[in-house]
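One structure below.
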Amino acid sequence: MFQKQRPILSGLLLIIILVAGSCKSKFEKLKASNDNAKKYQAALALYNKKQYSKALELFETLVQRYRGQAQAEDLYYYYAYANYNLKDYTSARYHFKTFADTYPASLRAEECRFMAAYCFYLDSPIYSLDQENTNKAIEALQLFINLYPKSERVAEAGKLIQNLRDKLERKAYENAKLYLTISDYLAAVMAFGNTLRDYPDTKYAEEIEFLTIKAQYLYADHSRNYSQVERYTQALSFEQQFAEKYPSSKYINAALSLKKDSERGIVIAKRQLEEEANDIKLARRFAKKDTVTSQPPSEKGNENKKIPN
């Protein structure tokens, strides 16, 4: 029975292949054809139907052929947006920038310059990853503002720049906290200071300044006693600045506790240093007392002398 059905199944399979092939070949034939006008109209139709992948395939075959012609500007504009709509922001930003550089007098140049920067913005990763694209996005958006200071897009560009700076600020803050977590206390103190310097208006300022006290105290507490007095004193200085700046802070009690611990640490460190100094003096005194400064008299010839009882 199976032998009888085999020709029927083979025939059906052939029909399916032919139908599928004819559907595919229609687009492929158009793509390979030299009828650029027809291909251009088909590409626009596909683009308007949001069939961006097929539209992009046709645009790619037309870009070189229309170079220098009147239709080239429109073609390249849609070509850039096809990449954008497919979320290929790396390609899109390149083509938007190329459009703005190639057609600076175009009414679309401002839009494309903005879109090139916006694609960098969209390619900016989460704060914990490398922020190269974030910095490039800030540069591109700032360039847009400089080139088109009266553009209605300036306000939006400014908001995007602030979002990107917030991301860089968060990364700096989290990195500084990481140093504290892994017990690299000096690095934490320095990183917290750098964050406040680079982002003086940061929303994390209060917490950062408290954590600076904590990191400095732990740095002093884990130091050798001959360095502790100076390092505890620095923690006290940080605490004083914090108390003056944030008298009602939710961290104020913890800061006062670190202050007391630092003061106690100074007392203990000074006592230890004094004890060590006294031990050294005592050791030197005994060393001096026990030091032989002259040779004892020779016992030669006195072999028969008895040791007195």
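Every number here is computed from the coordinates shown, using simple stated rules; none is lab data. From a predicted model like this one, the values you see are computed outputs, not experimental measurements. Because the Cβ atoms are built from the backbone with ideal geometry, glycine has one as well, and the counts that use them run over all protein chains shown.
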Using a 10 Å cut-off on Cβ atoms, rank the peptides 79-86, 272-279, 197-204, 37-44 from the highest mean neighbour count down. 79-86, 37-44, 197-204, 272-279
Positive-end extreme of charge dipole, the stretch 194-253 - chosen from SER223, TYR204, LEU236 (charges on Cβ): SER223
Amide H partners (placed H, <5 Å) of TYR204, local residues excluded: none
Loop sites in the stretch 82-187: trypsin sites (Lys or Arg not before Pro), DSSP, at most 15 other Cβ within 10 Å: LYS87, LYS150
